[in-house]
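Questions regarding the structure given below will be posed in turn.
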Amino acid sequence: QVRIPVGIHLDHCSNFEYIVSALRAGFPSVMADGSLLPLEENIAFTASVVRTARAFGADVEGELGHVGKAAREGDYLSSDLYTQVEEARIFTEATEVTALAIAFGSAHGNYTRPPKLNITRLREINEAVKTPLVLHGGSGIPNEQLTEAFRNGINKFNVGTEFSYLNQKYTGQYFQQTEDRDG
């Protein structure tokens, strides 16, 4: 009901019924996050969401690989958790997702030390799939690495930690000023 364009996206959801309720409520974009499942189960789950979302005219983002928590260095420093090129090809062809979030060196939250995106892996995945690629855990990634990621296949990136931090900071300042003013 607002007068400015607003995009709404249900992010990181692994519950089919909840995704369907979001679609029924009018969400034009949802993320079917089956990344913790074995590949075959992730494909089955995500493909079922894609089939359902089509009936609503909605987009579906899938996730493959492990984009973990930045507080755990192993979640973004271990290439064993990164999206595999052949799995990305198989996944995108089998599910027909609108976008694919991949793991190649990023994580959610505040990094304990600067991440090092694996641009080579990104480039290889980008060459193997036709699906637009998404970077999760964009807060705190150095600008030069983000620029390289955009040049090599990332079409969308998610940042949340920076906004959450600023929201907490300025909300706290507001309430402190209100308390000081009102005594």
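Per residue and in Å³, how big is the convex hull formed by the alpha-carbon atoms of the chain?
That works out to 159 Å³ per residue.
Decide, for the stretch 2-62, between rounded, prolate and oblate: order the square roots of the alpha carbon gyration tensor eigenvalues as a ≥ b ≥ c, take rounded if a/c falls under 1.5, and otherwise choose prolate if a/b is larger than b/c, else oblate. Present the calculation step by step, with values, prior to reporting the outcome.
Values: a/c = 2.50, a/b = 1.99, b/c = 1.25.
Judged from the Cα gyration tensor, the stretch 2-62 comes out prolate (a/c at least 1.5, a/b above b/c).
Name the residue farthest towards the positive end of the dipole of the stretch 43-183 from the options Ser106, Val67, Phe150, assuming +1 on Cβ of Lys and Arg, -1 on Cβ of Asp and Glu, about the Cα centre.
The residue sitting most towards the positive pole is Phe150.
5 Å is the cut-off here: which amide hydrogens, built 1.01 Å from N in the peptide plane, fall below it relative to Asp59, excluding neighbours closer than 5 in sequence?
Result for Asp59 returns Ser29, Val30.
Also: Averaged per residue, what accessible area in Å² does the stretch 76-122 show with a 1.4 Å probe, protein chains only?
Counting only protein heavy atoms, the per-residue value for the stretch 76-122 is 44 Å².
Relative contact order for the stretch 1-42: what is it in percent, counting Cα pairs under 8 Å that are at least 6 residues apart?
Relative contact order for the stretch 1-42 comes out at 38 percent.
Counting pairs of alpha carbon atoms under 8 Å apart in space and at least six apart in sequence, what relative contact order in percent does the stretch 76-174 give?
28 percent
For a paramagnetic label modelled at 7 Å from the Cα of Asn167 toward its Cβ, which residues of the stretch 6-22 fall within the zone defined by backbone nitrogen distances under 16 Å?
Under cut-off, by backbone N: 7-12.
Tell me, what HN-Hα J-couplings in whole Hz come from the Karplus equation 6.51 cos²θ - 1.76 cosθ + 1.60 at θ = phi - 60° for each residue of the stretch 62-70, using x for Gly and Pro?
Taking θ as phi minus 60°, the curve returns x, 9, 9, x, 10, 9, x, 9, 5 Hz for the stretch 62-70.
Of the heavy-atom accessible surface of the chain (probe 1.4 angstrom), what whole percent is carbon and sulfur?
51 percent
Rounded to the nearest 500, what is the 222 nm mean residue ellipticity of the chain from helices alone, with -39500 (n - 2.57) per DSSP H run of 4+ residues and division by all residues?
Helix contribution divided over all residues of the chain: -14000 deg cm²/dmol.
The values are calculated or read from the model by the stated rules, or taken from the named source; none is laboratory data. On a predicted model such as this, the values are computed, not experimentally measured, just so you know. Here the Cβ is made from the backbone with ideal geometry for all residues, glycine too, and neighbour counts use every protein chain on show. Each accessible area value is taken on the protein alone, full model and side chains, heavy atoms only, with ligands, DNA and RNA left out. Shrake-Rupley method; radii C 1.70, N 1.55, O 1.52, S 1.80 Å.
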